[in-house]
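The values are calculated or read from the model by the stated rules, or taken from the named source; none is laboratory data. What you see is a predicted model; the values in this text were computed from it and never measured. Cβ sites come from the backbone with ideal geometry, for glycine too, and all protein chains shown count toward neighbours. Ligands, DNA and RNA are excluded from the accessible area calculation, which covers all protein heavy atoms including side chains. Shrake-Rupley method; radii C 1.70, N 1.55, O 1.52, S 1.80 Å.
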Amino acid sequence: MASPDLFPNVSFCHVSAAAATSSPEATAGATAVFGGDAASGDPRLSLVWSGETQSKHTLEIDLSDAQIFKLGPTEWLCVSVESEAKGGVEEKSYSRAIKVVLRTEAESKAFYLAFQQWKHRVISGKAGEPLENGVIIGSKSKFDTKIEASSAKMYFHYYGQLLHQQNMLQDFVRTGTYYAAVMENRSDFEGRVVVDVGAGSGILSLFAAQAGARHVYAVEASEMSEHAQRLISGNPSLGQRITVIKGKVEEVELPEKADILISEPMGTLLVNERMLESYVIARDRFLVPGGKMFPTTGRIHMAPFSDEYLYVEMANKALFWQQHNFFGVDLTPLHGSAFQGYFSQPVVDAFDPRLLVSLPTYHMLDFTSMKEEELYEIDIPLNFVASVGTRVHGLACWFDVLFNGSTVQRWLTTAPGSPTTHWYQLRCILSQPLYVMAGQEITGRLHLVAHSAQSYTIYLTMSAKMWGEGAEQGGILQTSTAKLELKEPYYRLSQPQPYVMQQDQQQQQLPSLQPPQSYAYICFWHNTGNTGKTTILCLISCKAHNPVLEVPM
């Protein structure tokens, strides 16, 4: 082929209803050329051949209303709408079908991809022009019906910039784990067809080609597809087996099914940006039954934490709104809203795992079998047992994903205490901490609800159950709730702080919130004989005097 849009020595013939059972004579030695109409700029497929007089003849196919169907390894059927004039008025009246035969399977695949890429340049309707009555325009893709156009525009703009791709590539935990997972499982890639979902820079496609993939289709919707094409073309020994396709996985068509999908669809808390849904859609559209997915499963891990440093930092942010004379204006009416506003931000940073006050639990997502709709709303019950007596300031979360290869299983983790990734960890802070004793049960619910801004609203409830004798009968001692917006986190991005014992944290930090002896704590408990069990009956916070800042208890 001279270019990706020109195919010499093709054969074609007309197919009509009347000739459906016949074999019309094919026109051989033609050239198929994709391009824009000289007058309107609309994308067209031109079939050019020499007639009996050696003069050039051209058959034009308007791609704006054309469809293509595969008849065989090298045969395609192009169906378009034909028009004819009646009474001087042009009107659409019938369909025309052209059978096109390519020379090789490789050219056949390239022809199909060129057809789809040129067809997708069509824009239904023009600004200021009414649509003709009865005209059918293409419906929105599943992505467009779920996601706000403004959010999608910002999302693809962000990932279309090399500096952000560099940030991810330089995460050597991320990139190195992907490389190892692919190379250690060459048997899954050798001679196979791979689809890279959301290819970005194309690095994972190049990994798959290194592992021996027969062909890789790198699907990328942002402008990064152009950079990916340059990078792949600059590595010709690998790039000759990689085809970059610009478009969303919900919309593009591929000439063949994939044996394996590879993708990096994880966002903060695993699900942010809602790319996991596109990953599952790609599975349903492109993957052969029993095909592999890299990654295969994901887990969201959770555990309650205690961190006075962080709590004080968040609470102090609202001190600005406690000013009674800000250029003559009393700001205090907005203090309560500002206080809650800061606590509606999940905190993204790396923290010391010793801040956790119980063993973690996790919620699993199996990408190979789950339905896309299961990601619209994720409801996770919480149940922990406190290992120490302390104040619980919220719920810490992180995730990991498994590459379940035939040879090696490899995990990519973002857990606290592990090498830090660009995802860090995430913590949901309660504006009203819970007081717990060692052995006390902590229950609750983490409820994630997807929204059209490509993220989730987080609803968190945590309760401390009655501890000691009578606890088996239930009874909630304290409950605290939070509503947080995953799309608008507080990027603290600090490395883990030197660990300080809980009592030291309280002694060092509480005075910065309020004057000494602002509160007196009275605790009533009941000790049952020699059993060693103690039941907390009541915990009362009494204000000793008027403090500068009252922290909800």
Exercise. Answer yes if at least one residue in the range 404-426 is closer than 28 Å to Q478 by Cα and outside any loop (DSSP other than H, G, I, E, B), and no otherwise.
Key: yes
Practice problem: Please specify each residue of the range 160-202 satisfying the condition of being of a type in the set (D, E, K, R) and open to solvent by less than 30 Å² (accessible area, probe 1.4 Å). | Solution: D171, R174, D188, D196
Self-check item: Identity of the residue in the range 304-329, more than 11 Å from I429 (Cα to Cα) and among the aromatic types (F, W, Y), that ends up most open to solvent (accessible area, probe 1.4 Å)
Solution: F327
Self-check item: Index of the failed condition, E256 passing every other in (1) modelled with pLDDT under 95; (2) in contact with a Ser or Thr (Cβ under 9 Å, 6 or more places away or on another chain)
Solution: (2)
Quiz item: Inside the range 416-444, can you point out the residues that are in contact with a helix residue (DSSP H, G or I) (Cβ under 9 Å, 6 or more places away or on another chain), open to solvent by 20 Å² or more (accessible area, probe 1.4 Å) and within 24 Å of M314 (Cα to Cα)?
Solution: G417, T420, H422
Quiz prompt | the range 308-326 residues that are among the β-branched types (V, I, T), paired with ones that are surrounded by 16 or more Cβ atoms within 10 Å (Cβ to Cβ) (beta carbon under 7 Å, 6 or more apart) | solution = V312/Q509; V312/L513
Quiz item: Is it fair to say V122 is modelled with pLDDT under 85 and within 32 Å of the chain's Cα centre (by Cα)?
Solution: yes
Quiz item: Within the range 330-346, can you find the residues that are surrounded by fewer than 16 Cβ atoms within 10 Å (Cβ to Cβ) and over 21 Å from G394 (Cα atoms)?
Solution: D330, L331, T332, P333, L334
Exercise. Can you run down the residue pairs with Cβ atoms below 7 Å, 6 or more apart or on separate chains, where the first is in the range 172-192 and in contact (Cβ under 8 Å) with a residue 40 or more places away in the chain and the partner is assigned to a loop (DSSP other than H, G, I, E, B) and among the aliphatic types (A, V, I, L, M)?
Key: V182/A211; E184/V408; N185/V408; R186/A211; F189/A211; F189/A213; R192/A213
